[in-house]
Amino acid sequence: MSDNDVRQFGIHTYDQWTAMWNGDLGLAEKIMAPEFVLRYAQAGTEAFDDVRTPRQLADIIAAWHRERRGLRFAAEGEAVVDLALVDGAPAGMVARPYRASVTDEDARTVARSGTDTLRITNGLISEVWSVSSGSGGRTFYR
């Protein structure tokens with residue numbers, strides 16, 4: 001795998017992370033380590049503190065979609081990829097800003113920005129740091 005291939009792996013993994021959050025829940029078993037840690041800094045995300053398995057993550061994402069009409073995530077901005085091959089598998093960090101949007105009670109789209117940083121170990125996501133602008137925040141990109 002060339003340096004460019006490793007970079008593309010990181011970007012593709014982030015894209016799959018985003019697709020999982022958009023409802024492709026089967027990706028949880030494919031991209032997440034068998035056991036991982038989630039670190040969500042925004043208020044109202046305490047439910048993620050005890051999520052450790054792909055199945056638990058898929059279940060909580062499904063619940064978020066049931067509670068939030070029109071929930072949609074999209075990667076924004078440039079990805080920061082710091083990966084190398086370790087014992088033949090990509091390992092390191094991938095970070096990228098994202099935009100989350102929902103439909104409010106007046107049928108308007110409300111968007112907020114954040115950044116997710118993914119730790120990759122043996123080619124799988126083993127730890128996530130997520131920070132968003134929260135309910136009172138704004139978007140980075142227009």
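The values are calculated or read from the model by the stated rules, or taken from the named source; none is laboratory data. All figures in this text were calculated on a predicted structure; none of them were measured in a lab. Neighbour counts are summed over all protein chains in view; Cβ atoms, including those assigned to glycine, are modelled from backbone coordinates with ideal geometry. These area figures cover heavy atoms from the full protein model, side chains too; ligands, DNA and RNA do not enter into them. Shrake-Rupley method; radii C 1.70, N 1.55, O 1.52, S 1.80 Å.
Odds and ends about this structure:
- Of all residues in the stretch 118-142 being charged (D, E, K, R) and either crowded, with 16+ Cβ neighbours inside 10 Å or part of a loop (DSSP other than H, G, I, E, B) (or both), the one that is modelled with the highest pLDDT: R119
- Taking the criterion of being without any contact (Cβ under 8 Å) to a residue 40 or more places away in the chain and either among the acidic types (D, E) or in contact with a Lys or Arg (Cβ under 9 Å, 6 or more places away or on another chain) (or both), the only residue of the stretch 38-47 that qualifies is E46.
- Scan of the stretch 34-77 for residues that are modelled with pLDDT under 95, at negative phi and assigned to a loop (DSSP other than H, G, I, E, B), ordered by number: A41, Q42, A43, T45, R68, R69, L71, E76
- Top-ranked residue of the stretch 14-33 - restricted to ones that are part of a loop (DSSP other than H, G, I, E, B) and either touching a helix residue (DSSP H, G or I) at 6+ places or on another chain (Cβ under 7 Å) or open to solvent by less than 20 Å² (accessible area, probe 1.4 Å) (or both), ranked as farthest from A91 (Cα to Cα): G23
- Selection within the stretch 1-13: residues that are over 10 Å from V81 (Cα atoms) and touching a residue at least 24 places away in the same chain (Cβ under 8 Å). The member of this set that is least open to solvent (accessible area, probe 1.4 Å) is T13.
- Single match in A75, A58 (criterion: without any contact (Cβ under 8 Å) to a residue 40 or more places away in the chain and either of a type in the set (G, A, S) or under 26 Å from A107 (Cβ atoms) (or both)): A58
- Qualifying residue in the stretch 95-114 (condition: surrounded by fewer than 16 Cβ atoms within 10 Å (Cβ to Cβ), more than 30 Å from N4 (Cβ to Cβ) and of a type in the set (K, R)): yes
- The set of residues in the stretch 78-117 that are touching a Gly at 6+ places or on another chain (Cβ under 8 Å), in a strand (DSSP E or B), among the hydrophobic types (A, V, I, L, M, F, W, C) and in contact (Cβ under 8 Å) with a residue 40 or more places away in the chain comprises V81, L83, A84, V94.
- Condition met for A63 (out of contact with any strand residue (DSSP E or B) (no Cβ under 9 Å at 6 or more places or on another chain), of a type in the set (A, V, I, L, M) and without any contact (Cβ under 8 Å) to a residue 40 or more places away in the chain): yes
- Candidates R112, R66, R96, filtered to the one that is among the basic types (K, R) and in contact with a helix residue (DSSP H, G or I) (Cβ under 7 Å, 6 or more places away or on another chain): R96
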